[in-house]
Every structure is written in C-alpha cells, then in structure tokens.
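*Asks:* Dumping the structure here so I can ask a few things about it.
The values are calculated or read from the model by the stated rules, or taken from the named source; none is laboratory data. Since this is a predicted model, take the numbers as computed values, not measurements. All Cβ positions, even for glycine, are placed from backbone atoms using ideal geometry, and neighbour counts span all protein chains on display.
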Amino acid sequence: MRAPLTNDGRGRETPGLGRLPHAGGIRRTGYRLAVPDLLRVYDRGEHFDEVFDDRGEVRPHYRELVARITRLSPDDLERRERIRDGIFRAQGITFTVYGDDDGIERTFPMDLLPRIIPADEWDVIERGVVQRVTALNRFLEDLYVGEQAAVHDGVVPRWLIQTAEGYARAAFGIPVTHAARCLVSGIDLVRDRDGTYRVLEDNLRNPSGISYVLENRAAMTRVLPVVFASQRVRPVDHYGPMLLRALREVAPPAAGDQPTAVVLTPGVYNAAYFEHAFLARQMGIELVEGRDLVVDEHVVSMRTTRGLERVDVIYRRIDDDFLDPVVFRADSALGVPGLLSAARAGNVTIANAVGNGVADDKAVYAFVPDLIRFYLGEDPILPNVETYLLWEPEQRAAVLERLDQLVVKPVGASGGYGLVIGPRASDAELAEVRAAIGADPRAYIAQEVVALSRHPTLIGDRIEGRHVDLRPFAIAGESVEVVPGGLTRVALRRGSLVVNSSQGGGSKDTWVLDGGGDGTARVGALPYGSRHTEA
Amino acid sequence: MLARLAENLFWAGRYVERAEDTARMVDVTYHTLLESPYGEVEQAWWQLLEVLHLTPVYGDQPADAERIVRFLVLDSANPGSITASVTRARENIRSVRELVSSELWEAINDLHLALGARDLGQELEDQPYALFSTVRRSCMTVYGVASETMPRDDGWRFMALGRLLERAEMTCRLIDVRYGQLEALSGPSRRLITVPGELPRGPDRTDFHHWIAVLKSASAFEAYRRRYRASMDPADVVEFLLLEPDLPRSVLFCLTGAMHQLEALCESRPTRATRLLGRTVASLRYRDVSELFELGLHGFLDDVQNRVARVAEAVADEFFRHHPSGTMHAIAAS
C-alpha cells in the first residue's frame, strides 16, 4: 500500500465537507471510490502520519486494520457510518457549544478509522503520564499543606505561583488522602514531525472526555466488530470501577470502610452534563447538584426522601469558583455553602482538589519538567513543547520578532479559546496579540508550532489526513493508573491544528494493542481476550 | 433517593395529568357549548377559569370565549395551560432522565415537540377536537410507557402519587364546572339542582347531554351506562365520578390509590400526610351521595380540593424539604 508523497502539506484541491454536492437533503453522496482507491489517492503530506511511514508504507501496527478496512465496499462503509450515527443519536451523546445560537446540542462525531498505539509506544506514554501526574500531585500537596519546597528552592518563582489564576489560598490546609489532588487528570499529548510524543498541556481541574472514550469503544465494537476482534485491544470499560475505587480510597480516614461518594454536577444545562450523568451511572452512585447537598457542623449530607444522608467523597465537576459561595463567588447558585470548611475539618474529600489550577496554568507548565526532576529525582519521560516565557525580556523580544511563526496562548484558558496560531493569523490579529503581550506578559505564553501528527480520516467521500492529539486519562488514588488509550481528538477542518470539541473537533476510538510486536491476532486463531506473549 | 429527584417525579406526574385533564375539560366545555341552545358562552368559559382557580392569572383581559380557550390551551404565561404543563412535565422528566427509561423520556419529548411543531392557534379554530384528543392520547401514552417500564420503586411511587392527587383534584373540578354551568345555563326559572338540600331529579334533554359530556370527558360514559342503564340522574353521575371505588378517574379511586403509594413510601409509619389523606379517603368512602347535596356539592368539592392540597404540602414537608437542625446553615443554604 503506497500513498503518494508530496511536498505540499496542504494537499491538492479536493472538496472538503462544505463543498460536497447535496442531494435531496442527504448529507453525503456516497463513496464513489472503494477503500483501496481512497487510500491510493490519500495525500500523506509533510507531517508525521500515524498510519503511513515516510516511504508511504503502512506501519506494522496498522497493517491488520488496513487489510480489514480494504475489504469494505463503498456501500458497506456508508452503511456502517449510518449505524454509527444511529447509535450516537439514539444515546443522545452530545456536547454543548457556548455562544452558538443554532442547535445547542451537537453530537461529537467519531471517525470510523481508529487510532492505534502499539504496546511499546504505550508503555512510554503510560510511564510518562504516571511520572508527570505523580510529580504534579507532590507539587500541589507541598504547595497547599507542605513546605512549598519547590518555591523555596527556586524551582518555580514564587511570584509566578502567586499570580496564577488557579492558585487558591482557600485550599491551604485542606488535607487530601494519599495526596491524590489530581484524582483524574487528562494529559494532552501531541506528536511532532519525528513522531515524538510531547505534552501540550495538563488538565488537572475537571478534565472531560472520558465518556467519549467509553462510548466510542462501545460503538466501535458494534459498527466494525470483526475489524475490532482481529486486533488484541486493551479494554477501557473498567474506567467506572477504577474511578469509584480511587474515590473510596481518598475518603477521609473517619469515613469508615463503606464511604459514600457522589458526583456533583452544575446541572442539565452544563456542556458536559452527559458525561456527569454517564459517570454516575457507570459507578452506580448518586448524581447530585449543589442544592442536594447541605453542610451542617462541617459535615456534608445529601437530602434524600428518607432525610439527610452523610457524604464522604465528592467527585465534583464544578469549577473552584462556583464550588462554595462562602469562600469563592458569593453569587454562585451551583455550589454548596460551607463545603470547604467541611473539607478542611477532614469530614469530606473533594476531588479533584481545590486549587489544582495553579499547576495547569500554562506558564507553570513550562516548569513541570523541572518539578519532575525536583520531586522525583528522575528525568522527564515525556518532553514538553518548547515554551517561551514572555516576562523574560530576551525571550519576549525573540518571540515578538517572529510572532508569525509561533503559537500564543492565554495562560488561564482551556478548550482552545483565545489561541493565536502565528502562521495562520492575520496582521490585525498579530498586532492585537502583540499589544496584549506588551500590556500583560504574564498572561500569555508562546510556543513553537507543533506540526501535529495526522491520521487518515473519512471526510466527505474521501480519506484525508487530519491532525490528531491524544488525551490519556490518569486516575490517582493510592497509586496512579492510566486508562489504556484515551481520547484521540481530530481537527476535522482541513489544516486545522485545533482539536477541541468546542472548536469543530471530532474523535477516534483509540486502540492500545496488547503485548508486543504488531499486536495482531486472527479471529479464531487465538481465543479473544487471551494473553498475547510474543515478543 | 435524592429528594430533588423525587420532587421532579412527583411534579412530572402532576403536570402530565394536568395537561390531560385540562384538555378533557376544555374539550367538554367546547363541545357542550356547541350544542347548547343558550347563548351564555362567555359565562360558561369564565366558570371554567374559576373552577381551575385561574381567574387571577387571567386578570382583566376581555373575557371572550376565543381568548379564554387560547389562554387555557397555549398561553405560556398561564402555568396551567396545556402547553405550559407539557413543557414543565418535560423539564421535570429531563432532570430525572437518569432514573427513568429512555422510552419515557422519548414519550414526553415527542409530545412536547409535536405541540411545538403544530400551529395550535389555527387548530383551535379548525379542528379543536383533534388537538384535544392528541393531547389526551399522548398523555396516556406517557403513563402507559411509565407503567410498563419503571420498576416499582420510590421513584415510581412519587410519580404515581403526584398523578393521582392531581387527577383527584381535577375530577372534583370537572364535576364542579358542570354543576356550576348547569346552574347558570338553567336559569333561575328552571332551578333543577341549584338549591342545597334539594336532591335533583329527572333532567330535561339539555341536561341529559351535558351530563353525558361530563361522563365522556372522564372516559366514564360506557361504564356509567353499564352500571345505571338508561337512567341519567345528576346524582348518579356525581356519585359515580366522586365515590365509585372502581372507576379509574373517580375521586375515591384516585385517593385510595394515592393512599397505597403514600403508605408504601412511608413504610407504614404514621405521618401527617397519611393521616390527612386517610381521613379524606374515609370521608368519601363512607359518604352517601344524598348527603352531598344536603351539604352543598360545591362546598364539598372545594373541601376535598383543599384537603388534597394540604396532603401535597405534607408530602413535600415529609420527603422533599430536609434541613439540618442548625438554622444558621439552613439560612445559608436557602
């Protein structure tokens, strides 16, 4: 299988989604080409391609998939897309886009072509994520209930910590069992031109997306069961029990051996409500809103029809600012008055912990490799993306010189909001961001543009390369564990480097192959689910 | 279960029932007036507003028939209108989607979307019957789906309790509106059933049709026929709709059913809600219909409605409103 080599990363003029002819309201016109032909005209471009190597050969861990997919006729492919659409619509798997008038709820489109990670690559990712989350937990614990050693020793400047938006003085002295402050983290990884996985950002407050990982997998096994079964893919559906175990492990010591955990949601109008409900269902615990909880004598209870029932652990999906109106925003109707006092008294554990935002501030991010060295005495397994700190005069001057070649990010935002990509920005946008940096250099960072890896993706009636990232999810209780795979997000717009669901992204089921080698197994040749021990 | 979710289910039950019963009442009023030789149409509609306790909401808008019908059917400013009730029922079920079957959500959502997609104003002019019967049937579908898909746990019980209390109240109002309208339409010279203490007998032809309409609006006409044959005595109709233990829309049937649900919810503990409801059930079960006319039917119906309202209050206190003992925190939480 060969994909033509070109030196033009933007590809030829193939029609994108928007320019497809529409026939009688039918979204797509059907595949005119069979899969082998679709792959033959596939333009690998100049980026690192997940499926094809530099010579255009299919990488070993994708060979089985390509062989299976190639057997699907155009009709077959379309039929399976319809099955997929039906599954997602029927389950109401949607997310909400803020500031968008039409159709508030959208489905998060899953591409039929999965992303595959071989076992040896995953091993690096897994160790790297565990290492990073462990160090970040140590750092946060030290910051809020410890000596602040990293600050004293000058690993991170004190003023930088104190000016971080997520730094919460209210979190001082609040204990967290096992120091599992980042109980759930989503570490966003990208691959650069040579395929190295780099950390793009850490999400340590309320990372979302795990429900898509689980739903994508469930859908995939129904849409392409034979293709799926031909590979030995590590399962992900133990996420619910894993999360519940961690929540129980971090319960306050006084809670006894059957602690009660709940999921706290802002309510049905929140963008990620679907996921909150999904997780509560997966764990079989109550999904509560702020008004369901009440704090009395520093003890948190939920209002049930049988009276007040004590709560020991709260997996909250409400931001710090809205969590407790006594401490944070007084106008918050979503939170629970007195919650922090209960946590400080050691009567309830809030997960993720309050104040984690200081560690995923994008300027503090630049210091995480140093924090790993400081707290763990190890070299970072996963490197950062080259990052420039704009309050340093020389770095700022260098950045302003070549602003049109760099990415500028606001330090406090997430979800791709406020991002300026130099090579794509207009002169006016560049002037604007230049002025903003001049006014408040602490509020931004600049990074080298990472030419995110691309993955073949079904677009219209074509297979085209689209940029992808990877968000593995780590759960910390007594120890840190990573769910195999994670959420692969796809920038569906041609050339776009922004994969966030709120910015027109889609997703892919992400397969981590079991065992070594190419991880393939024929259906029938090996019983499904047996251990694969070949080197 | 969480008190908030229990309350959502309780109100979902009430709102679906309210939408259905309002459709039934508007329908019966509309169609009896079509056949009525008397011209006091506006007054009849006004009385419907009165028994539904909606005159304060209606305010001082002109009291013409068309306006009142639109107010009762599609005015979103009227919390008792059919569309508002459906919307609220949907909102309540939406908040408990995790607890109910997806079929139940789809059923209420379908009704909501169907009403949204129709030109209700136009239909009221052309085909009101089709509209009312759609609402009636869709509401029954919602309950049918709930009944066939929900486990008989506390969630189900709260929903059933809400529905039965609401229906008991609405059946009282249904009887009351016909009773009042008969008084008005009959005029002072033909006082059939207007004087308390006088048991009415032998209706003339107009009344005959009116009472058939009442029975039909409670889906009770056929059952009444089988029980009472050809006789059409208002006292029998009132007895049937109020005191018949086996008729699904009779007040006694609803309150007896509500009592079963409440006792299961209270696990047979004596509570204020069970005491209030039990007394109301007893006062109906051992009541002779002739006494009602002696006492004055309107007053009696009012009293039953007030008792039901107090039961609902007691249910809310018992199950939905738990505050910790420390008042400081209760204030902070409110």
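*Asks:* When the residues of region A:255-266 are narrowed to those that are closer than 19 Å to B:Met1 by Cβ and of a type outside the set (Val, Ile, Thr), which ends up farthest from the other protein chains (Cβ to nearest Cβ)?
*Replies:* Top of the filtered list is A:Gln258.
*Asks:* From the set of residues in region B:232-267 that are without any contact (Cβ under 8 Å) to a residue 60 or more places away in the chain and within 14 Å of chain A (Cβ to nearest Cβ), which is surrounded by the most Cβ atoms within 10 Å (Cβ to Cβ)?
*Replies:* That would be B:Cys266.
*Asks:* Please verify whether region A:316-323 includes one or more residues that are facing another protein chain (nearest Cβ under 9 Å) and in contact with a Ser or Thr (Cβ under 9 Å, 6 or more places away or on another chain).
*Replies:* We begin by selecting, within region A:316-323, every residue facing another protein chain (nearest Cβ under 9 Å); these are none.
Checking region A:316-323: not a single residue is facing another protein chain (nearest Cβ under 9 Å) and in contact with a Ser or Thr (Cβ under 9 Å, 6 or more places away or on another chain).
*Asks:* Further question on the same structure: Test A:Ala271 against the stated conditions and say whether it is surrounded by fewer than 22 Cβ atoms within 10 Å (Cβ to Cβ), at pLDDT below 90 and of a type outside the set (Lys, Arg). Walk me through it before giving the result.
*Replies:* On the way: surrounded by fewer than 22 Cβ atoms within 10 Å (Cβ to Cβ): yes; at pLDDT below 90: yes; of a type outside the set (Lys, Arg): yes.
Considered against the rule, which asks whether it is surrounded by fewer than 22 Cβ atoms within 10 Å (Cβ to Cβ), at pLDDT below 90 and of a type outside the set (Lys, Arg), A:Ala271 comes out as yes.
*Asks:* Being closer than 26 Å to B:Tyr129 by Cα and modelled with pLDDT of 90 or more, is that true of even one residue in region B:172-195?
*Replies:* yes
*Asks:* If you don't mind, another one. In the set A:His61, A:His47, which member is modelled with pLDDT under 90 and buried (at least 17 other Cβ atoms within 10 Å of the Cβ)?
*Replies:* Criteria check complete, one pass: A:His47.
*Asks:* How many residues are modelled with pLDDT under 90 and assigned to a loop (DSSP other than H, G, I, E, B) if we restrict to region B:64-76?
*Replies:* 2
*Asks:* Out of (1) more than 14 Å from every other protein chain (Cβ to nearest Cβ); (2) surrounded by 19 or more Cβ atoms within 10 Å (Cβ to Cβ); (3) not polar (S, T, N, Q), the odd one out for A:Pro235 is which?
*Replies:* Going through the list (1) more than 14 Å from every other protein chain (Cβ to nearest Cβ); (2) surrounded by 19 or more Cβ atoms within 10 Å (Cβ to Cβ); (3) not polar (S, T, N, Q), A:Pro235 breaks only (2).
*Asks:* Out of the residues in region A:375-430 meeting the condition of being surrounded by 18 or more Cβ atoms within 10 Å (Cβ to Cβ) and charged (D, E, K, R), tell me which one is nearest to the chain's Cα centre (by Cα).
*Replies:* Looking at residues that are surrounded by 18 or more Cβ atoms within 10 Å (Cβ to Cβ) and charged (D, E, K, R), I get A:Lys409.
*Asks:* A further question on this structure: Quick one: B:Gly296 ticks every box in (1) more than 19 Å from the chain's Cα centre (by Cα); (2) small (Gly, Ala, Ser); (3) under 22 Å from B:Glu318 (Cα atoms) except a single one, so which number is it?
*Replies:* For B:Gly296, the exception is condition (3).
*Asks:* If I filter region A:292-312 down to residues being more than 7 Å from chain B (Cβ to nearest Cβ) and in contact with a helix residue (DSSP H, G or I) (Cβ under 7 Å, 6 or more places away or on another chain), which single residue comes out as nearest to A:Arg344 (Cα to Cα)?
*Replies:* A:His298
*Asks:* Scan region A:267-280 and give yes if some residue there is under 23 Å from A:Val250 (Cβ atoms), within 14 Å of another protein chain (Cβ to nearest Cβ) and polar (S, T, N, Q), otherwise no.
*Replies:* Scanning region A:267-280 turns up no residue that is under 23 Å from A:Val250 (Cβ atoms), within 14 Å of another protein chain (Cβ to nearest Cβ) and polar (S, T, N, Q).
*Asks:* Still on this structure, please answer the following. Say we look at region B:130-159 and pick out the residues that are away from every other protein chain (no Cβ under 14 Å) and buried (at least 24 other Cβ atoms within 10 Å of the Cβ); which of these is farthest from B:Asn8 (Cα to Cα)?
*Replies:* That would be B:Phe132.
*Asks:* Separate question: How many residues are in contact with an Asp or Glu (Cβ under 9 Å, 6 or more places away or on another chain) and either hydroxyl-bearing (Ser, Thr, Tyr) or more than 15 Å from A:Gly173 (Cβ to Cβ) (or both) when one looks only at region A:340-362?
*Replies:* Here the count works out to 9.
*Asks:* Okay, next question. With the requirement that a residue be crowded, with 23+ Cβ neighbours inside 10 Å and either of a type outside the set (A, V, I, L, M, F, W, C) or touching a strand residue (DSSP E or B) at 6+ places or on another chain (Cβ under 6 Å) (or both), what does region B:216-231 give you?
*Replies:* B:Ser217, B:Tyr224
*Asks:* Would you confirm whether or not region B:270-293 contains a residue that is within 14 Å of chain A (Cβ to nearest Cβ) and assigned to a helix (DSSP H, G or I)?
*Replies:* yes
*Asks:* Find the residue count for region A:422-473, including only residues that are assigned to a helix (DSSP H, G or I) and not small (Gly, Ala, Ser).
*Replies:* Residues in region A:422-473 being assigned to a helix (DSSP H, G or I) and not small (Gly, Ala, Ser): 11 in total.
*Asks:* Here's a follow-up. Can you go through B:Ala23, B:Ala44 and tell me which one is modelled with pLDDT of 90 or more and assigned to a helix (DSSP H, G or I)?
*Replies:* Values: B:Ala44 fails: modelled with pLDDT of 90 or more.
The match here is B:Ala23.
*Asks:* Please state which one of A:Leu293, A:Leu200, A:Leu204 is closer than 30 Å to B:Val100 by Cα, among the hydrophobic types (A, V, I, L, M, F, W, C) and surrounded by 18 or more Cβ atoms within 10 Å (Cβ to Cβ).
*Replies:* Exactly one of A:Leu293, A:Leu200, A:Leu204 is closer than 30 Å to B:Val100 by Cα, among the hydrophobic types (A, V, I, L, M, F, W, C) and surrounded by 18 or more Cβ atoms within 10 Å (Cβ to Cβ), namely A:Leu293.
*Asks:* Identify the residue in region A:337-366 that is within 14 Å of chain B (Cβ to nearest Cβ) and surrounded by 24 or more Cβ atoms within 10 Å (Cβ to Cβ) and, among all such residues, is farthest from A:Leu136 (Cα to Cα).
*Replies:* In the first step, residues of region A:337-366 are kept if they are within 14 Å of chain B (Cβ to nearest Cβ); the result is A:337-342, A:345, A:347.
Keeping just the survivors that are surrounded by 24 or more Cβ atoms within 10 Å (Cβ to Cβ) gives A:338-340, A:342.
On the way: A:Gly338: 27, A:Leu339: 24, A:Leu340: 22, A:Ala342: 25 Å.
Restricting to residues being within 14 Å of chain B (Cβ to nearest Cβ) and surrounded by 24 or more Cβ atoms within 10 Å (Cβ to Cβ), the top hit is A:Gly338.
*Asks:* For region B:278-291, indicate whether the set of residues that are free of Cβ contacts under 8 Å to residues at least 12 places away in the same chain and over 23 Å from B:Ile175 (Cα atoms) is non-empty.
*Replies:* No, there is no match, as no residue in region B:278-291 is free of Cβ contacts under 8 Å to residues at least 12 places away in the same chain and over 23 Å from B:Ile175 (Cα atoms).
*Asks:* Would you pick out the residues in region B:241-269 that are under 16 Å from the mean Cα position of the chain (by Cα) and part of a helix (DSSP H, G or I)?
*Replies:* If the condition is that a residue be under 16 Å from the mean Cα position of the chain (by Cα) and part of a helix (DSSP H, G or I), then B:Leu241, B:Leu242, B:Leu243, B:Val251, B:Leu252, B:Phe253, B:Cys254, B:Leu255, B:Thr256, B:Gly257, B:Ala258 are the ones that fit.
*Asks:* I need every pair where a residue in region B:292-313 that is under 14 Å from B:Cys254 (Cβ atoms) has its Cβ under 9 Å from the Cβ of a residue that is outside any helix (DSSP H, G or I), sequence separation at least 6 or different chains.
*Replies:* Hits for this filter: B:Gln305/B:His53.
*Asks:* Quick one: what pairs do we get from region A:348-362, first residue within 13 Å of A:Pro259 (Cβ to Cβ) and free of Cβ contacts under 8 Å to residues at least 40 places away in the same chain, second among the β-branched types (Val, Ile, Thr) and surrounded by 24 or more Cβ atoms within 10 Å (Cβ to Cβ), C-beta under 8 Å, 6+ apart or different chains?
*Replies:* none
*Asks:* If the requirement is being under 30 Å from B:Leu265 (Cβ atoms), without any contact (Cβ under 8 Å) to a residue 24 or more places away in the chain and out of contact with any Phe, Trp or Tyr (no Cβ under 9 Å at 6 or more places or on another chain), which of these qualifies: B:Pro62, B:Pro79?
*Replies:* Just one listed residue meets the conditions, B:Pro79.
*Asks:* Here's something else I'd like to know. If A:Ser332 passes every condition in (1) more than 17 Å from A:Leu204 (Cβ to Cβ); (2) at pLDDT 95 or above; (3) part of a loop (DSSP other than H, G, I, E, B); (4) not aromatic (Phe, Trp, Tyr) but one, which one does it miss?
*Replies:* (2)
*Asks:* Within region B:1-33, which residues are acidic (Asp, Glu) and within 14 Å of chain A (Cβ to nearest Cβ)?
*Replies:* B:Glu7
*Asks:* Can you tell me which of A:Ser496, A:Ser479 is closer than 30 Å to A:Ala251 by Cβ, surrounded by fewer than 20 Cβ atoms within 10 Å (Cβ to Cβ), free of Cβ contacts under 8 Å to residues at least 40 places away in the same chain and in contact with a helix residue (DSSP H, G or I) (Cβ under 9 Å, 6 or more places away or on another chain)? It would help to see each step written out before you state the result.
*Replies:* Details: A:Ser496 fails: closer than 30 Å to A:Ala251 by Cβ.
That would be A:Ser479, the only listed residue that is closer than 30 Å to A:Ala251 by Cβ, surrounded by fewer than 20 Cβ atoms within 10 Å (Cβ to Cβ), free of Cβ contacts under 8 Å to residues at least 40 places away in the same chain and in contact with a helix residue (DSSP H, G or I) (Cβ under 9 Å, 6 or more places away or on another chain).
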